[in-house]
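Everything below concerns the one structure shown next.
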Amino acid sequence: MEKIAFIGLGNMGSPMAANLLRKGFDLTVFDLSASAMDTLAALGAKSAASAQDAVATADIVLSMLPAAHHVESLYRNILPRLKAGTLAIDCSTIDAATTRRLAQDLSAHGVALLDAPVSGGTAGAAAGTLTFMVGGTAHDLARAQPLLEAMGQAVFHAGESGAGQSAKICNNMLLGILMAGTAEALALGVKNGLDPAVLSHIMSKSSGRNWALEVYNPWPGVMANSPASRAYSGGFMSSLMLKDLGLARDSAQAAHANTPLGALAYALFEKHVADGNGAKDFSSIQQHYD
Ligand code: NAD
């Protein structure tokens, strides 16, 4: 059985790694947080003292880190310890240019890199129902497929290296716009005397229906399991949504694409994070309308 090293056990990485363990994969884990490693060790993972130690005997490396600079510094750090023939799968959301550059540098050492960012949120990570958007070769994806299927229910080959990140950034720009739009509509309804649960139900059966409204409702109490109903804790941090909207803005500039709604969503989340809400789930943009 191939040995897996999993680096980055946060809101997403921890439940993803737990699913791999449940499916019987041989996992060594590393995170800067010792308590995150303890949780996985209790499920049967081996804990490593450093990222370099985690990958020392690995055939496949999985990473789930916040942003491009974390991913870049991780792979620069572990590269000397990776044996030729290792497959690296980065599930973090980062820019396509960094992914492509890293893929080239790793390839010079005989290490293949797939970009495989995910959609589905922490609930999808826990349930093993994530969507993976993969960039890289079909050959490398075939090797990764059993792992990805253990953590998700849909695996798409978006294209060459970086294509998974390009797809993810389009998706998350739309998600940021949809979440802000949903919060705005709910706030308007409540100001007009409507019950947010009744309004949510009406819109979910009408043409305004969308994922933010139906699966991740931003109004506290409307949906028992959404981050809004636990004071916007856990989930997908506003600072990470701001990062993704920044990636969308940069990619639009580079491609000369016109993304005015993406720019508006960026401005809303920029203010929201500047107001001290960076660590709250991104559906807390609802509070911007208070
Ligand atoms: P998080 O901040 O909860 O977790 C990141 C983890 O990485 C933390 O546990 C941190 O300690 C660890 N870490 C950072 N630097 C490290 C290093 N050098 N070595 C080892 N560990 C290190 O973030 P998250 O919500 O799990 O998101 C991870 C990625 O997934 C981000 O790129 C995010 O945009 C993306 N994403 C998140 C969600 C979501 O709903 N949370 C959904 C889809 C995609």
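Between Ala257 and Lys23, 0.36 nm times their residue separation minus their Cα-Cα distance comes to what? Before the final figure, lay out each step's value.
Numbers: separation 234, 0.36 × 234 = 84.24 nm, distance 4.23 nm.
Between Ala257 and Lys23, full extension yields 80.0 nm more.
Can you list the lysines whose alpha carbon is less than 21 Å from that of Lys280, not counting same-chain residues fewer than 8 positions off?
Result set, ordered by chain and number: Lys243, Lys271.
Take every Cα-Cα distance within the range 93-138, group them into 10 Å bins from 0 onward, and report for each bin the whole-number percent of pairs it holds.
Per 10 Å bin, starting at 0, the Cα pair percentages come out as 27, 41, 26, 7.
By its C-alpha gyration tensor, with a ≥ b ≥ c as the square roots of the eigenvalues, how is the range 122-193 shaped: rounded for a/c under 1.5, else prolate for a/b larger than b/c, else oblate? The partial results should precede the final answer.
Working: a/c = 6.15, a/b = 2.19, b/c = 2.81.
In terms of gyration-tensor shape, oblate.
How much net charge surrounds Ala274 when only the other residues with a Cβ under 15 Å from the Cβ of Ala274 are counted, with Lys and Arg +1 and Asp and Glu -1?
On the way: positive: Lys243, Lys271, Lys280; negative: Glu270, Asp275.
With Lys, Arg at +1 and Asp, Glu at -1, the neighbours total +1.
Can you give the helix-only mean residue ellipticity at 222 nm for the chain, where every DSSP H stretch with n ≥ 4 adds -39500 (n - 2.57) and the sum goes over all residues, rounded to the nearest 500 deg cm²/dmol? Don't skip to the end; give the middle numbers.
Values: 12 runs with 141 residues, N = 290.
Only helices count here, giving -15000 deg cm²/dmol.
Suppose the Debye formula is applied to equal point scatterers at every Cα of the range 215-290; what is log10 I(q)/I(0) at q = 0.17 Å⁻¹?
-0.64
Which whole number in µm²/s is D for the chain by Stokes-Einstein, with the Kirkwood Rh taken over Cα pairs at 10 °C and 1.306 mPa s? Before the final figure, lay out the partial values.
Values: Rh = 19.6 Å.
So the translational diffusion coefficient is about 81 µm²/s.
Would you order Trp211, Trp219 from fewest to most other beta-carbon atoms within 10 Å of each residue's own beta-carbon? Numbers along the way, then the final one.
Numbers: Trp211 15, Trp219 23.
Lowest count first: Trp211, Trp219.
Could you give the angle, 0 to 90 degrees to the nearest 10, between helix 96-107's Cα long axis and the longest principal axis of the Cα atoms of the chain?
Once rounded, the angle reads 10 degrees.
Placing +1 on the Cβ of each Lys and Arg and -1 on the Cβ of each Asp and Glu in the chain, which of Pro218, Gly136, Ile94 has its Cα farthest towards the positive end of the resulting dipole?
Comparing the listed Cα positions along the dipole, Pro218 ranks first.
With each pseudo-label sitting 7 Å past Cα toward Cβ, what's the Arg76-Gln153 distance in nm, one decimal?
It works out to 4.0 nm between the two label points.
Project the alpha carbons of the range 64-196 onto their principal axes and report the range along each, largest first, in whole Å.
64, 28, 23
With label points built 7 Å along Cα→Cβ from the Cα atoms of Ser47 and Ala224, find their separation and express it in nm.
Label at Ser47, label at Ala224, 3.4 nm between them.
Starting from the Cα of Met1, move 7 Å in the Cα-to-Cβ direction to define the label point; list residues of the range 138-156 whose amide nitrogen is under 16 Å from there.
The answer is 146-151, whose backbone nitrogens lie closer than 16 Å to the label point.
How are the C-alpha pair distances of the range 1-93 spread across 10 Å bins, as whole percents from the shortest bin up?
So the P(r) values, bin by bin, are 18, 57, 24, 0.
Just so you know, all these numbers are worked out from the coordinates, no wet-lab data involved. Remember, predicted model here, so these are calculated numbers, not experimental data. Every residue, glycine as well, gets a Cβ built from its backbone with ideal geometry; the counts of neighbours run over all protein chains shown.
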